[in-house]
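What follows is calculated from the coordinates using simple rules that are stated; it is not laboratory data. Computed from a predicted model, the values in this text were never measured in an experiment. Here Cβ is always computed from backbone atoms with ideal geometry, including for glycine, and neighbour counts include all displayed protein chains.
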Amino acid sequence: MQELPEVTDPRIIDGRKIAQGIEADVKRGVEEFIKEHGIRPALATVLVGEHPPSKLYVKLKHWACKRVGIISEDHKLPQETTHEEIIELIATLNKRHEIHGILVQLPLPGHIDEREVMMHISPEKDVDGFNPLNMGKMLIGREGFVPCTPKGIIRALEEFKIEPHGMEVVVVGHSNVVGKPAAMMLLNRNATVRICHVYTRDLKSHTGEADILIVATGVRGLIKADMVKEGAIVFDVGITWQDNKVYGDVDFDEVLPRVKLISPVPGGVGPMTIAILMEHTLMAARMQR
Ligand code: GUN
């Protein structure tokens, strides 16, 4: 894996440091939970197929479980698994009392309807926040289990004491995993929110007005310096793998001199996402007791 230099520039959001803080709290919470209930919180992961980045992300999630004392159960299914087989596995995991959280790693192979799969994860075990009930609760401002990456972004803003109320937020990318929930969670905090996407006509005219810019497209280096407002806060959620290295959606070196804060790739929102997943698994265990 890529070696990351120590973050010394105050403009760079050190996602690993924020994640370590969250994980330390979760670890303490897990110990208390065990003392009180005599059982350990447990997360089941489901990985379908051989998508190399997904395999790595799931591995990182299992390592995080180990660090905080959560049991992790690994379900690996072949690429040709049918929709019915996945639903059956989820039904079994839903029923097992000793499993508190269920995570189905996305993307799933093309022949499987991801949205349908998400509907089958019990809302109480939906630590990723992708079940429509949890998504709907978020939409009406009752945030429970919400998608982990946007929650990590909110946590980072809190860490830097940035209050989104009244700020101009531009989200680039309209996925269910990041773009839409990030927009909704910032709207819940009274930001003025715009969502741009692949069909947006003049991207720069929008991004250039953002106080907070969140980019989650998977297009390497999409955001250049002239698309970013002076003093903006930039969250780069994109990941492109090239020659065993990962790159973000933001042209980091070019954009850095203009920003107030920026999350790097790697070492930005990735570790925070995983730490929030740990927090959600503990939260699920507490709710089920
Ligand atoms: N694929 C990319 N990001 C995520 C995530 O946050 N959760 C899951 N389950 N799959 C993903």
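Table for the structure above
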read-out	value
Where labels lie 7 Å past Cα in the beta-carbon direction, separation of Trp63 and Ser205 in nm	4.5 nm
Packing-based order for 117-128, 272-283, using average beta carbon neighbours within 10 Å, highest first	272-283, 117-128
Close Lys-Lys pairs in region 1-84, where close means Cα under 22 Å and separation is 8 or more or interchain	14
Cβ crowding within 10 Å averaged over residues, with 24-37, 215-228 ranked highest first	215-228, 24-37
Histogram of C-alpha separations across the chain, 10 Å bin width, %	6, 28, 35, 23, 6, 0
Residue-by-residue Karplus 3J(HN,Hα) for region 168-185, coefficients 6.51, -1.76, 1.60, Hz, glycine and proline x	7, 10, 10, 10, 10, x, 10, 6, 6, 7, 10, x, 5, x, 4, 4, 5, 5
